[in-house]
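Notes follow the structure.
The values are calculated or read from the model by the stated rules, or taken from the named source; none is laboratory data. Since the model is a prediction, treat every value here as computed from it, not as a measurement. Neighbour counts run over all protein chains shown; Cβ positions are idealised from the backbone, glycine included.
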């Protein structure tokens, strides 16, 4: 009763238990009476046939919901029949999440028919529904006729290479609305991957594509590299865990020089090989904490370097009187007019390490002007929080060494971080490094947060006149 009469409630989340007769009635009453509810999340429920029909009937009478999420539910064919009829006529729901429902063929077919008729929904999530080739064909045929979907998640199904080819045809010939497509872990393989790569060459709507964990292989890596040279819309691409190998990695690395749109690229776990990692030949040229993105899943937090707009091959760098960056993260040799190198990126990483230690942005007590630039060139560096492990401080200071030749390369940093990670995760290891990190975790909880001290501290990239800095240092 409280839910029905609430004048403020706009999101309702129910999950993790069997919805009995009383509970179903309460939900149904809420849907029919509410005038504010815009989002409903119903997860891990087992609705009986009668309750299913009543819930759908209530949805029919509701005209405020814009987001409906029904995931991890055991919903039978009677529910899907009623739901498909409802959804085909619905004009309010923009976002529909039906992930992890083990949709059978009949359910997919009924849902597909409703999507053909629906003229409102822009986002559909069918992740982890055990959709095979048979179900995939039905749904992809539907996609040709839909004119509203912009976001589609088909991740963690079993579409395989044939569905990959069908999807390619859909993206090339019929669908002109999809902006984001998630195909993670669908066993697309080499043939399906090549078909998708061909679609990327000619598609002009997709901006985000996830092909993670599809066993694509080196040849698809080359095909996608070719597509990246031609595509002008993709800004985010996930190719993680695809066995692209050294050849695929090199091809994609070369393609980055010609592509001008990608801002996020995931190439994790592709066996590029230590000695053939083509990406070593590239520099970011604007590495700061604002360009490090984090994505948190169930078990861990993943960090990604973004904003590749200034990235380039090391030999394509030119001496200029101006650079583009955030002053505290720019290496001293670059501030004084020398070329950007991979070592300059390492310097920026060292500054980020200091920022992670203190929880404060570097040099927030300074105006980002000629005076600060001169001090950095003469050796001023960010500080570290009390209790920061000695090995951490030592590595960060090596990264910020005034001499670029004395800075570690990315590979050495990677293996050092892996060594620390192994030390922390292995219960059998008990050494000084582990003790220092564990002690630091305790100290960081009581460190004071210091507010920025200078209003002119701007932590976004802007043009810096290196000629002026160089002249001031030499005077």
Looking only at region 310-330, and only at residues there that are under 29 Å from residue 240 (Cα atoms) and at pLDDT below 80, the one that is surrounded by the fewest Cβ atoms within 10 Å (Cβ to Cβ): 315
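Yes/no per residue for (1) under 21 Å from residue 330 (Cα atoms); (2) surrounded by 14 or more Cβ atoms within 10 Å (Cβ to Cβ); (3) at pLDDT below 90:
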| site | (1), (2), (3) |
| --- | --- |
| 427 | no, no, yes |
| 440 | no, yes, yes |
| 449 | no, no, yes |
| 458 | yes, no, yes |
Number of the condition not met by residue 190 [criteria: (1) touching a helix residue (DSSP H, G or I) at 6+ places or on another chain (Cβ under 9 Å); (2) surrounded by 21 or more Cβ atoms within 10 Å (Cβ to Cβ)]: (2)
Out of 211, 178, I need the residue that is in contact with a strand residue (DSSP E or B) (Cβ under 9 Å, 6 or more places away or on another chain), in the same structural domain as residue 261 (by TED's automatic domain parsing) and at pLDDT 95 or above. Which one? 211
Of the conditions (1) over 19 Å from residue 289 (Cα atoms); (2) assigned to a helix (DSSP H, G or I); (3) without any contact (Cβ under 8 Å) to a residue 12 or more places away in the chain; (4) in contact with a helix residue (DSSP H, G or I) (Cβ under 9 Å, 6 or more places away or on another chain), residue 436 clears all except one; give me its number. (3)
Exclusive hit being in the same structural domain as residue 92 (by TED's automatic domain parsing), surrounded by 15 or more Cβ atoms within 10 Å (Cβ to Cβ) and modelled with pLDDT of 75 or more, set 37, 19: 37
Among 131, 154, 216, 178, which is the only one that is farther than 28 Å from residue 263 by Cα, touching a residue at least 12 places away in the same chain (Cβ under 8 Å) and either surrounded by 17 or more Cβ atoms within 10 Å (Cβ to Cβ) or more than 22 Å from the chain's Cα centre (by Cα) (or both)? 131
With 223, 199, 227 as the choices, which residue is farther than 28 Å from residue 91 by Cα, buried (at least 17 other Cβ atoms within 10 Å of the Cβ) and at pLDDT below 95? 199
Regarding residue 307, is this residue at pLDDT 85 or above and touching a strand residue (DSSP E or B) at 6+ places or on another chain (Cβ under 9 Å)? no
Taking region 362-381 and keeping only residues that are out of contact with any strand residue (DSSP E or B) (no Cβ under 9 Å at 6 or more places or on another chain), over 15 Å from residue 346 (Cβ atoms) and part of a loop (DSSP other than H, G, I, E, B), one is left with 362, 363, 364, 365, 366, 367, 369, 378, 379, 380
